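The values are calculated or read from the model by the stated rules, or taken from the named source; none is laboratory data. Here the structure is a predicted model, which is why all the values come from computation and not from measurement. Methodologically, a virtual Cβ is constructed for each residue, glycine included, from the backbone with ideal geometry; neighbour enumeration extends over all protein chains shown.
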Amino acid sequence: MENSLFYNHVEVNEKNENIIRQLEEYAKNNSNEQIYVINAPLGENKYSYSYQENAIVILSPKHKIIFFDFKNNEEQFEEYYEDFIEDFIEDLSSLSDKFKYKEYIGRPRKWKEELTVTESLSGFSNIESLLATHAISNELKRKNELLISLIIGSINNIEKIGVETPKTLLEKVRNNIILFDGQQTRFMYKEFDKKSVSIQGLSGTGKTELLLHKLKELYASQDDLKIFFYMP
């Protein structure tokens, strides 16, 4: 069974295989940490970078967003990093009017400095050390969750959840930031080789929201798609 706390959206190759496997093992051994491995923002097929096969982006709510370079080409990697951030900020601007992320997250220059970092293979020892080096405070964790939710296409109503860290258990439940887990993210972005897929879950677990995100992903990825609803 695939790890529900780990999601990889990058083609595994000889350059990145060791680190991706270490990240998967880390997620397996740390039962309360979600790990996403990507090389472009999820949710749109418009993102493509010439350097992305030489880099990955590690997303984890408790750690800075880590841009990792496997080729050690500083100039090209810096261009990739800046293009990724620029595209993300552009999408953030388009979503801001409806979901009001921008006014809660703050200026891009500030969160870019606080919550993103670049690393390369030349200085790498192991995943535990890498993540420990870039662990963040609880105060920044909530802002990081919001950024990650946008990057992976898990949109939240920010007016309801707020950006301040909840103080009480009731606030934590009411203001929960929903991050898709590995299985949900795979459902959204994976191409299935079978005609029917079932979504199961108790009332209130997000089945309808997940389906809407899947429909949006299908609609955005195909020009001539037709979607039919059947109500038995």
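Hey, can you tell me all the residues within region 110-147 that are assigned to a helix (DSSP H, G or I) and either exposed (fewer than 15 other Cβ atoms within 10 Å of the Cβ) or of a type in the set (Gly, Ala, Ser) (or both)?
Lys110, Glu113, Ser122, Gly123, Glu128, Ser129, Ala132, Thr133, Asn138, Glu139 - these are the residues of region 110-147 that are assigned to a helix (DSSP H, G or I) and either exposed (fewer than 15 other Cβ atoms within 10 Å of the Cβ) or of a type in the set (Gly, Ala, Ser) (or both).
Of all residues being at pLDDT below 90 and among the hydroxyl-bearing types (Ser, Thr, Tyr) in region 16-48, which is nearest to Glu75 (Cα to Cα)? Just the residue, please.
Ser48
Are there any pairs, at least 6 apart or on different chains, whose C-beta atoms fall under 6 Å, with the first in region 5-22 and in contact (Cβ under 8 Å) with a residue 24 or more places away in the chain and the second among the acidic types (Asp, Glu), and if so, which?
Within 6 Å, the pairs are Phe6/Glu24.
Please enumerate the residues belonging to region 70-88 that are loosely packed, with under 14 Cβ neighbours inside 10 Å and either aliphatic (A, V, I, L, M) or part of a helix (DSSP H, G or I) (or both).
Glu74, Glu75, Glu82, Glu86
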